[in-house]
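A quick write-up on the structure given underneath.
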Amino acid sequence: MMSDLLPAALLLLGVTMGFMLSMATYMGELKRIARFLRNRNARSNARATTNAVAPGISELADAINTELDRSAQAHVEALRRQQGFQRDLSALSHDIRTPLTGAKGYLQLAEDEMDAEQRNRHLAAATARIDSTTELLDQLFAYTKSTDPDLALAHEPVALTPLVERVLLGHYPEFEAHGWEPSLEVDDAAATVMGDSEAILRIVENLVTNAIRHGAGAPRIELRRLDRPAPPKSEMQCPHPEAASTAGSGHTSSHLELRISNPVHDPASIDAARLFERFYQADAARGAGGSGLGLSVAANLAHAMDMDISATIEGNILVISLTAHMA
C-alpha cells in the first residue's frame, strides 16, 4: 500500500517544489523590476530587463519600457514647447518694451517743450505707443485664457450677423483711413449658431483686425448657410446633447460659415498651414505690428466651441473660414 502511494507523493512533492520555484522566480523578477522603477533616475535611458525566462515577465518588461519611452518623448516635447514659448515670449517682450521706451521719450520731450502745439503732438505720440502696448498685453491675456483647460464657455444660440456688424462698425475709422469699403454679404440675417457670444465676438474681432493689419485691400465678409450630411454615430463625437440628437439620423447638419477674404501683399510669404500657430507673426511680419497671437486665440476659442476654422491662399487672396453649428 505504501509502495503504491510513494510515486504519487513524489509527484506531488515535485509539482509543489516546481510551483514554489516558479513563484520564487516570479517574485524575484517582480521585486527586481519594482526596485529598478523606484531607483531609476528620471533622466536616465535605463530600461527594464529580465534575468529569467518566465512566462509574462518579458512582456511586462517590454510594456514598462514602452511606457518609459512614451514618457521620455512627452518630456522632450514639453521641453521643446517650453523653449519655443520662452523664445517667442522674449520676442514679444521686445515688442512691449519698444513702444514703452518710445512713449517715455515722447513724454520727456513734451515735458521740456514750450510750444503747446508741439507738446500736444508729443503727448499724442506717447499715447499711441501706450495704446499699442495695451493691445499686446490684451492679446497675451486673451491667449492665456483661451488655452485654459478649465475654460467654461456658454452653449447657446448666438446671432452672428449683429456681431459681425458691430465689429465692422468699431473698425470704421481704420477702414476710412485705408480708403477701404468692406463688403458684407449675408444669406440669412436671423441665422444663429451655438456658442458663447463673447468668445465669438473675440474671434470675429481678431479675424477682422488681421484683415486690416495685414491686408492689401478691403475685406469681403460672407455669411452663408451650409448643409452637410450628418456623420454616422460611430464616426461622430457629440460634445452637446443637441448635436447627439441628429447624429446618425440620416439628416443633413446645418452650419453657418463666416468667410473673410482680402488681398494680401505677398501671398507667397504666408504659410496658411501655420497661420494659427502661436506667435507665427513674431518673426515673419514684425514690421506689420501685432502680437502674433490674434489668430491663435481665434483658433483656440473656435475649437473650444466645436467650430472649424481654416485658412487658404487663393491667388493673392487670403481666405479665413469659421464654420459653426446652427442653432
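The values are calculated or read from the model by the stated rules, or taken from the named source; none is laboratory data. Fair warning: this is a prediction, and the values are worked out from it, not measured in the lab. In this analysis, Cβ positions are derived from the backbone assuming ideal geometry, glycine residues included, and neighbour counts consider all displayed protein chains. For accessibility, only protein heavy atoms count, side chains too; no ligands or nucleic acids. Shrake-Rupley method; radii C 1.70, N 1.55, O 1.52, S 1.80 Å.
Among the residues of region 83-97, how many are at pLDDT below 75, within 16 Å of GLU135 (Cα to Cα) and either open to solvent by less than 70 Å² (accessible area, probe 1.4 Å) or charged (D, E, K, R) (or both)?
Residues that pass the stated criteria total 6.
Being assigned to a helix (DSSP H, G or I), at pLDDT below 80 and of a type in the set (Ser, Thr, Tyr) narrows it down to one residue among SER44, SER22; which is it?
SER22
Can you tell me which of ALA282, ALA298, ALA311, ALA324 is among the aliphatic types (A, V, I, L, M), part of a helix (DSSP H, G or I) and at pLDDT 90 or above?
None of the other options fit; the residue is ALA298.
Looking at region 98-117, is at least one residue surrounded by 11 or more Cβ atoms within 10 Å (Cβ to Cβ), among the acidic types (Asp, Glu), without any contact (Cβ under 8 Å) to a residue 40 or more places away in the chain and part of a helix (DSSP H, G or I)?
no
Working carefully through the options THR127, THR147, find the one that is of a type in the set (S, T, N, Q), surrounded by fewer than 19 Cβ atoms within 10 Å (Cβ to Cβ) and within 24 Å of THR101 (Cα to Cα).
Being of a type in the set (S, T, N, Q), surrounded by fewer than 19 Cβ atoms within 10 Å (Cβ to Cβ) and within 24 Å of THR101 (Cα to Cα) holds for just one of THR127, THR147, which is THR127.
I'd like the full set of residues that are within 14 Å of ASN262 (Cα to Cα), in contact (Cβ under 8 Å) with a residue 40 or more places away in the chain and open to solvent by 40 Å² or more (accessible area, probe 1.4 Å), limited to region 164-217.
HIS178, ARG213, HIS214, ALA216
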